[in-house]
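These notes are about the structure you will find just below.
The values are calculated or read from the model by the stated rules, or taken from the named source; none is laboratory data. Just so it is clear, the model here is predicted, and its values are computed rather than measured. All Cβ positions, even for glycine, are placed from backbone atoms using ideal geometry, and neighbour counts span all protein chains on display. When the accessible area is computed, the model is the full protein with side chains, heavy atoms only, and any ligands, DNA or RNA have been set aside. Shrake-Rupley method; radii C 1.70, N 1.55, O 1.52, S 1.80 Å.
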Amino acid sequence: MGIGTKCVQDGYTPGNGEPRQIPIIQSTTFKYATSQDMGKLFDLEASGYFYTRLQNPTNDYVAAKIASLEGGTAAMLTSSGQAANFYAVFNIASCGDHIVASSSIYGGTYNLFAVTMKRMGIDFTFVSPHASEEELEAAFRPNTKAVFGETIANPALVVLDIEKFAKAAHAHGVPLIIDNTFATPVHCRPFEFGADIVTHSTTKYMDGHGAGVGGCIVDSGKFDWTKYPEKFPGLCEPDDSYHGVTYTERFGIEGAFITKATVQLMRDFGSIQSPQNAFLLNLGLESLHVRIKRHAENGLAVARYLKNHEKISWVKYCGLEGDDDYELAQKYLPDGSCGVVSFGVKGGRAAAEEFMQKLKVAAIETHVADARTCCLHPASATHRQMNDEELAAAGVSPDLVRFSCGLEDAEDLIADIEQALK
Ligand SMILES: *Cc1c(COP(=O)(O)O)cnc(C)c1O
């Protein structure tokens, strides 16, 4: 089936006389006849639902759809994209470990890694998304457990050379984790280029309507943890908190990662997505393939308009002819990228802020990637924790305006920008 059919149909197949739309199982708990039945669930000897903090059928239907879209073997929903990235890394790294990450990533993820997870004893080395093989090589340490990057970085819009990063990760026996939020699986499926784990902030294009915060983790099922048992003891050695179950033995390499993240991390940290939000997310997924195409068309139209404007100092859009990442975009995003365009307004920080105030269709929001066009000045919002050096490494200049093209008519977006620039 094509990706569009998967968006509409996958994840949930009703039986005879059952609801056509995914049912919202708004229940914290599930009933059993005997304590023995329940005990088996607690020992992971039988599969089934018992408490929504760990698993809920509505969430599982939606996670199964996203797994199918990415071409993975298993997936889980989380309450936010932040939780997804935290779980994806913490599932295989703990105190004393090290991660190699692209420096061009979402500000919230940078904070999570460089500040909060550092306090947990995990070290991060940030490398340029355009790092050479030698530079990448130099970032690894004996205790490195994963490599992390974003397909299209938010907000720098740099495209990651996924194959190059995957090659480096695999040469060191560790997986490549890709945050695929901006591209969506409709425009790029990182597993096809060697990534091992994919994460999403489903809050963005997947939901697409600014309705619900959420996240997702998908496992390709291809990374063989058992080849490096000393690196990944959490997956390859018995878990005392489950009477000694070894995840790779019991659930195979295609199920171990998500099972551990569900029964251990979700059990202990509890960042579950509400079934109600999972239902809303699925409504978004049903039209994702139609919407992302329009977002990307609008993004390209706005980027082309800005490119030749006398009041604009620079434009960053990987789908724009002549862009630094155009070649990479042709390879990884041949059907289009996304609706987010970054640009600089001549006159720097102050001019950028004044321009944004004058917009009428586009609203100022700490959000991207929904149906309504919105914009943000990252240097004074999402990235305000960073000093100028860190901003530069993240690809965020003080005059950068992040403009997220919605689903409106491109002519109206361009007319709005025109009047504001005037
Ligand atoms: C928004 C975003 C996140 C964080 O997601 P939340 O759902 O806001 O927690 C992570 N990665 C990327 C690329 C994002 O755009």
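Determine the per residue accessible area of the chain with all protein chains present and a 1.4 angstrom probe, expressed in square angstrom.
Ligands and nucleic acids excluded, the result is 40 Å² per residue.
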Give me, ordered by chain and number, the residues 5 or more places off residue 126 or on other chains with an amide H under 5 Å from its own placed amide H.
101
Taking Cα centroids, how far is the stretch 44-60 from the stretch 61-106 in Å?
19
If ligands, DNA and RNA are left out, what is the accessible area of residue 307 with a 1.4 Å probe, given in Å² to the nearest 10?
110
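Taking the Cβ-Cβ separation of residue 21 and residue 54 as r and a Förster radius of 35 Å, what is the calculated FRET efficiency to the nearest 0.05? Present the calculation step by step, with values, prior to reporting the outcome.
On the way: r = 24 Å, r/R0 = 0.69.
Rounded to the nearest 0.05, the efficiency is 0.90.
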Residue 349 accessible area, assembled protein chains, probe 1.4 Å, Å²:
100
Quick check: net charge around residue 204, other residues with Cβ under 14 Å of its Cβ, Lys/Arg +1 and Asp/Glu -1?
-2
Per-residue ellipticity at 222 nm for the chain, helices alone: DSSP H runs ≥ 4 residues times -39500 (n - 2.57), over residue total, nearest 500 deg cm²/dmol?
-10500 deg cm²/dmol
Using the alpha carbons of the chain, what is the convex hull volume per residue in cubic angstrom, as a whole number?
136
Net charge of neighbours whose Cβ lies under 13 Å from the Cβ of residue 72, counting Lys and Arg as +1 and Asp and Glu as -1
-2
Taking GluC sites (Glu not before Pro) as candidate sites, keep only those in a DSSP loop with at most 12 other Cβ atoms within 10 Å, then name the longest stretch of the chain containing none of them.
46-229
Mind grabbing the accessible area of residue 76 for me, 1.4 Å probe, Å², rounded to tens?
10
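With Cβ to Cβ distances under 12 Å as the rule, what net charge do the other residues near residue 403 carry (K, R +1; D, E -1)?
Charge balance near residue 403 sits at 0.
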Quick query: amide H of residue 312 versus all other amide H atoms, modeled in the peptide plane; which residues come in under 5 Å with a sequence gap of 5 or more or a different chain?
346
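Expected output is a single nm value to one decimal: the length gained when fully extending between residue 393 and residue 222, i.e. 0.36 nm times separation in residues minus the C-alpha distance. What is it?
Length gained between residue 393 and residue 222: 58.4 nm.
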Rounded to a whole number, the Stokes-Einstein D of the stretch 120-234 in µm²/s (Kirkwood radius over Cα pairs; 20 °C; 1.002 mPa s) is 143
Spatial extent of the stretch 280-322: Rg and Dmax, with the Cα atoms as the point set, Å
14.0, 42
Just need the relative contact order of the stretch 159-314 here, percent rounded to a whole number, with Cα pairs under 8 Å and 6+ apart.
18
Can you give the alpha-carbon Rg of the stretch 264-385 over 2.2 N^0.38 Å, where N counts its residues?
1.28
Which residues qualify? For residue 340, with a placed amide H closer than 5 Å and at least 5 residues away or on another chain, they are 405
What ranking of 403, 42, 50 comes out by heavy-atom accessible area, probe 1.4 Å, highest first?
42, 50, 403
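Using only alpha-carbon positions, what ratio does the radius of gyration of the stretch 241-306 give when scaled by 2.2 N^0.38 Å? Mind dumping the intermediate values first?
Numbers: Rg = 19.8 Å, N = 66, 2.2 N^0.38 = 10.8 Å.
Compactness ratio reported: 1.83.
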Mind jotting down the distance between the C-alpha centroids of the stretch 398-412 and the stretch 243-318, whole Å?
20
Considering only protein heavy atoms and a probe of 1.4 Å, how much of the accessible area of the chain is carbon and sulfur, as a whole percent?
50
